[in-house]
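Notes to accompany the following structure.
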Amino acid sequence: MPDLSVDIGGLKLKNPIMTASGTFGYGEEYASFINLNDLGAIIVKGLSLKPRMGNPPPRIIETASGMLNAIGLQNVGVQAFIEKKMPYLRTLEVPVIANILGENAEEYQQIAELLSRAPGVAALEVNISCPNVSKGGIAFGANPESAMDVVRRVKSVTDLPVIVKLSPNVTDIAMIAEGVESAGANALSLINTITGMSVDIERRIPHLKNITGGLSGPAIKPIALRMVWQVVNRVRIPVIGVGGIMDATDALEFLIVGATAVQIGTANFINPQSTIHVLNGLVAYMEKRHIRDIHELIGTLTC
Amino acid sequence: MKKKLNLGSGCVIENVNVAKDHFVMSLLLASTCDDALPGQFVMVRKQGVKDPLLSRPLSLYGVYQTEAGTVLEFLYRVVGKGTWALSRLTGGDQVDILGPLGKPFDVMPNRNHLILLAGGIGAAPLAFFAEYLAKNLDRPEESNQDASSSRKVSFYLGATTADALVGLGKIERFCAEIRISTDDGSAGFTGTVTELLQKDLIGLDHRNLGLYSCGPAPMIRSLSRLIEPFAIPCQVSMEERMACGIGACLGCSIKVRDASLGWAYCQVCTEGPVFDIRELLWE
């Protein structure tokens, strides 16, 4: 068995396969399909200070090799997460990463503080990029100053590793990446969904009630890969690749480009065992080529 | 821990075009499934393709245990590229399946006249339910209600036009009474199936009635208005777009009553698809 362990800004993972926030519920939803402890880490549904109802339906529509979603960050809120979801998650051995989102910089700080006191949270992933809610993360992720402000505030109240999830809906993602690195981020994850839309030509209305939504799935993988490649060349902290990974080949592309780990998102919807299939495929690839350590793969792209 | 879900593959036995845009697909499962109930659904997708990407939730139209294994039957309508791709499948093609999922219809106790009210493709889960009710009547150990031996099942089926009345073959085998409506009058009563029920309700003993329904949202909405003044219990099967079917994507939310908040969104996949009609809220 090759060594798959990686270090994400101080967080040790036994393998680089993580679940993307918002595609894996609070973990328990997938417990009847896979052994959750086989994963590198679980990233749970994004948490806000107060519970959020989410957007009115229709919330999803399939597009070419992808899907648009405008769930509206529906979640139980940080308090209920700690009281009702953490007890189950603490029974697992797998590291649990809490994804957090705020309507203003103070909220990010408050949520980070609450989660840092809750036993069982291994790291924070700061969502500065969700494009779905008008008062949501978009303003933070779109410019370096507001993104850096959020990161500094979160870092000031936590000792947990802080991963910052970047938005692709920007002109220069590497510039934002450099900014949040200098503000103290321990790792980056990218990309979040790409804002898109789809129209019902019979009724001449948007397919989504929210009008626009976040595009995910295989359709966005080339864009995600390009952005990861740009960012790994500009920062020193670990980068987690996410965007349209469906199988081990997709995951390997991200690792070769320089991602230290990957997140599986939309693929969880199509096959709830996708994470394990990717992991098994990765191991098979390494064994076939006698690669004994995953670091012999990471960032080995020849251009 | 939830019960074990059937995740795996199925092989298309046949996929028959039964009416314009309507198909009946039967799948032979790779593993046995003996706990599928009417009202439940299965996520189905063509194996090995990325476009269409997502599975489609199809409600069960029939389940049979054969010597070769479990056969699942689906009656579905082509509405978009996902169902269109499913309709192109032929015998021998492989599909990925996940299910059975969701809450089934509950057999109401102490109701000896059950009315199953279907609009269009809504006939699929209700025809399976009619079959289930008829078959369980023949099993004394399961007919635990005093009323079950004398239970009557009426099937109300409405469609836009006679050509779109689907599932009748199965319905005729298992229901004592069938009432038909079409919007254009090409078969049965002219008007909606809810209007037909409204007319019939006058002569029926409401204390004996139990209602089950599945159909387009406007139909369910007018049904909820129709029975509001009456104490007739009614279970409805709802349909929404969904990506995962297991409560993770939160794509299939509908608005329901909530005791503490007034209203809340809940997931059709895990908290439905069968709901008490009086739990639903309309915009």
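None of the figures in this text is laboratory data; all of them are computed from the coordinates on show. Keep in mind that what you see is a predicted model, and the values were worked out from it rather than measured. Here the Cβ positions follow ideal geometry from the backbone for every residue, glycine too, while neighbour counts run over all protein chains shown.
Points to keep in mind about this one:
- Point-charge dipole on Cβ atoms (K/R +1, D/E -1) for chain A, about Cα centre, debye to 20: 400 debye
- Neighbourhood charge, 11 Å Cβ-Cβ cut-off, centred on B:ALA127 and excluding it, Lys, Arg +1 and Asp, Glu -1: -1
- Largest mean-square fluctuation among B:LEU53, B:LEU29, B:LEU89, in a Gaussian network model of chain B whose springs join Cα atoms under 10 Å apart, belongs to B:LEU53.
- Zero-based 5 Å bins, Cα pair distances in the range B:6-101, whole percents: 3, 14, 28, 29, 18, 7, 1
- Considering only beta bridges that DSSP places wholly inside chain A, some 40 percent are antiparallel.
- Stretchable slack from B:SER31 to B:ASP106, in nm (0.36 nm times residue separation minus alpha-carbon distance): 24.4 nm
- Overall form of the range B:113-237: oblate. Here a/c, set by the Cα gyration tensor axes a ≥ b ≥ c, is 1.5 or more, and a/b is not larger than b/c.
- The peptide list A:179-185, B:243-249, A:288-294, put in order of mean Cβ contacts within 10 Å with the highest first, becomes B:243-249, A:179-185, A:288-294.
- Farthest positive-ward along chain A dipole, Cα basis, beta-carbon charges - from A:ILE61, A:GLY299, A:MET286: A:ILE61
- Unsatisfied cross-links (Cα-Cα over 26 Å) in the set A:LYS12/A:LYS45; A:LYS50/B:LYS50; A:LYS12/B:LYS50; A:LYS12/A:LYS85; A:LYS50/A:LYS221: A:LYS50/B:LYS50; A:LYS12/B:LYS50; A:LYS50/A:LYS221
- Pairs of alpha carbons in the protein assembly as shown separated by more than 40 Å make up 31% of all such pairs.
- Average other protein chain Cβ within 10 Å of Cβ, residues A:67-79: 2
- Overall, the protein assembly as shown carries a charge dipole of about 500 debye about its Cα centre when +1 sits on the Cβ of Lys and Arg and -1 on the Cβ of Asp and Glu, all other atoms neutral.
- Bridge type composition, the range A:38-143 - antiparallel percent by DSSP, nearest 5: 40 percent
- Charge context of A:TYR26, other residues only, Cβ under 13 angstrom, K/R +1, D/E -1: +1
- Rounded to whole Å, sorted largest first: equivalent-ellipsoid semi-axes of the range B:239-283, Cα gyration tensor: 18, 11, 9
- Averaged over the residues of peptide A:264-272, the number of Cβ atoms from other protein chains lying within 10 Å of each residue's Cβ is 5.
- Per-residue mean of foreign Cβ neighbours for A:203-215 is 0 (Cβ atoms of other chains, 10 Å radius).
- Sorted on the mean count of surrounding Cβ atoms within 10 Å across their residues, most packed first, peptides A:111-117, B:125-131, A:20-26, B:182-188 read B:125-131, A:20-26, A:111-117, B:182-188.
- Each principal axis of the Cα atoms in the range A:158-242 has its own extent, and those three values, largest first, are 51, 28, 20 angstrom.
- Modelled spin-label separation between B:LYS135 and B:GLN65, with each label point placed 7 Å from Cα along the Cα-to-Cβ direction: 1.0 nm.
- Using θ = phi - 60° and Karplus 6.51 cos²θ - 1.76 cosθ + 1.60, couplings along the range A:81-95 (whole Hz; Gly, Pro as x): 4, 5, 7, 9, 9, 5, x, 5, 4, 5, 6, 8, 8, 5, x
- In Hz, Karplus ³J(HN,Hα) per residue of the range A:289-298 (6.51, -1.76, 1.60; θ = phi - 60°; x = Gly, Pro): 9, 6, 8, 8, 9, 4, 5, 6, 9, 4
- Within chain A, helix-based [θ] at 222 nm, where runs of 4 or more DSSP H residues each add -39,500 (n - 2.57), nearest 500: -8500 deg cm²/dmol
- All Cα pairs of chain B, percent lying beyond 26 Å: 42 percent
- Three-way shape call for the range A:230-303 based on the alpha-carbon gyration tensor, with the a/c threshold at 1.5: oblate
- As a length-normalised measure over Cα pairs under 8 Å and 6 or more apart, the relative contact order of the range B:239-283 settles at 36 percent.
- Summing Cβ point charges (Lys, Arg +1; Asp, Glu -1) relative to the Cα centre of the range B:239-283 gives a dipole of roughly 60 debye.
- Cα shape, chain A, gyration tensor, a/c 1.5 rule: rounded
- Think of it this way: in chain B, B:CYS11, B:CYS33, B:CYS175, B:CYS214, B:CYS234, B:CYS252, B:CYS266, B:CYS269 stand alone, with no other Cys Cβ under 4.7 Å.
- Value at 222 nm in deg cm²/dmol, rounded to 500, when DSSP H runs of n ≥ 4 in chain B each add -39,500 (n - 2.57): -5000 deg cm²/dmol
- Using a cutoff of 8 angstrom between alpha carbon atoms and counting only pairs six or more residues apart, the relative contact order for the range A:154-303 works out to 19 percent.
- Length-normalised contact order for chain A - Cα pairs under 8 Å, 6+ apart - percent: 20 percent
- Percent of beta bridges antiparallel (DSSP, chain B, rounded to nearest 5): 65 percent
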